[in-house]
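Working notes, structure below.
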Amino acid sequence: MIILQKYVVPAYEVVERKGIGHPDTLADGISESISRSLSRFYLDEFGHVLHHNVDKVLIVAGNSAPRFGGGEILKPPSVIVGGRATKPSSSSLNDIITESVTSFFRKTVKNLHQFRVEPRVEEGAPELRSLIGRGANDTSIGVGYAPLNSIEQLVLDLEKEVGTVRGVGEDTKIMAVRIQDKLTIVVAAAMISRFIASREEYEEAKAAVKDVVSRKIDAETCVNCADCGENIYLTVTGTSIEMGDDGATGRGNRGNGLITPMRPMTMEAIAGKNPVSHVGKIYNVLAQQAASDIAELEGVLEAYVTFVSKIGSPINQPLLRGVRISGDLQLTPGFESRVNSILDYRLDSLIEEFVKGKLTIY
């Protein structure tokens, strides 16, 4: 189904991005890292990806004692990995999971060296394992839209800019709120204690973050707004999983890297699901890609794509393939044909891109 709708700029909007070191984003990253590792093992041993869903990662925060110029971890955070996976014969599931978590942390959080891994993954139900290569293993929703508006793109870009400030760790969160023409940006940035020698340097780092934002956009900006007296956002590792916050897969950014409550979103956890039969992952990525393609067509201002699966049915035959388009155009047979061609093309396999980590899904 393809429909036209009026392009409307809302009176207010909210856009959020949880940075790569935020507990929820870390949980997403761990889930996806394990899925990629399992997929590679399956491909090497069996020639195809077997059933797995490791989208139930919980990070339980530890305990720490940061201080200006240093600090220590008193109790390391724990990573509890739940889910289902077919056991490969060449290596144990626990070893694959532990190695994946370790590798991911080393690449993502430079100052986190102590953590525990608790694998609790078991094999899945036979009826779900049988759907690999045969059809959708769930009845799920996938949504996507394009293009990003200026504030959404700004929030994505600001994470990298904020991360250039000396002392700022990987755990950041950026919230942008626009009410009519007024824009407010709230930034949370975990400061790494060994790079911050004093309260004065801490305040200088906050000011530098605010300056980074002001160079990108004219907005009312607040950095680490909860600071009060001696209670400040100072960490040993640059991420709040050392003491302040837990994380869970699926609680953070959606497939385009943002949380956008004014736009269509699904509550599906994308990370960690297998890339062969789990439409909770596949359809969300496909919908985003299809929307981006449609938005490139002449006259299109915005495109929204929705896919809905029916468990057991072929993945390229969704129960619903819906498109909503805003723009200066007419819904002619020729235009509908171009849109349907995009949907048909995108409903092909994405397995290789998932396994190689080429797709950003959080």
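The values are calculated or read from the model by the stated rules, or taken from the named source; none is laboratory data. In this text, all values refer to a predicted model and were calculated from it rather than measured experimentally. When we count neighbours, we look across all protein chains shown, and the Cβ atoms used for this are built from the backbone with ideal geometry, even at glycine. Remember, those area values only see protein heavy atoms, side chains included, never the ligands or the DNA or RNA. Shrake-Rupley method; radii C 1.70, N 1.55, O 1.52, S 1.80 Å.
Just a few scattered comments:
- Accessible surface, per residue, of the chain when the full set of protein chains is kept, probe 1.4 Å, Å²: 46 Å²
- Each Cα pair under 8 Å and six or more residues apart adds its separation to the average, and for segment 231-347 the resulting relative contact order is 17 percent.
- Over the chain: helical MRE at 222 nm, DSSP H runs n ≥ 4 each giving -39500 (n - 2.57), nearest 500: -10000 deg cm²/dmol
- In terms of the mean number of neighbouring beta-carbon atoms within 10 Å, the peptides 28-37, 209-218 order highest first as 28-37, 209-218.
- Note: relative contact order over the chain, using C-alpha pairs below 8 Å and six or more positions apart, is 28 percent.
- Counting every C-alpha pair in segment 59-133, the share spaced more than 22 angstrom apart comes to 40%.
- On the basis of the beta-carbon distance and an R0 of 56 Å, Arg194 and Thr332 show a calculated FRET efficiency of 0.35.
- Comparing Ser277, Ser39, Ser313 in a Gaussian network model of the chain where C-alpha atoms under 10 Å apart are linked, the largest mean-square fluctuation is found at Ser313.
- In this calculation the C-beta distance from Glu353 to Thr164 is compared with R0 = 51 Å, giving a FRET efficiency of 0.95.
- For segment 275-359, the share of accessible area belonging to carbon and sulfur comes to 47 percent (1.4 Å probe, ligands and nucleic acids excluded).
- Estimated translational D of the chain in µm²/s (Stokes, Kirkwood radius over Cα pairs; 20 °C; 1.002 mPa s): 98 µm²/s
- Here segment 190-321 yields Rg over Rh of 1.12, to two decimals, using C-alpha coordinates and the Kirkwood radius.
- Computed FRET value (nearest 0.05) for Ser78 with Leu301, which takes r as the C-beta separation and R₀ as 56 Å: 0.75
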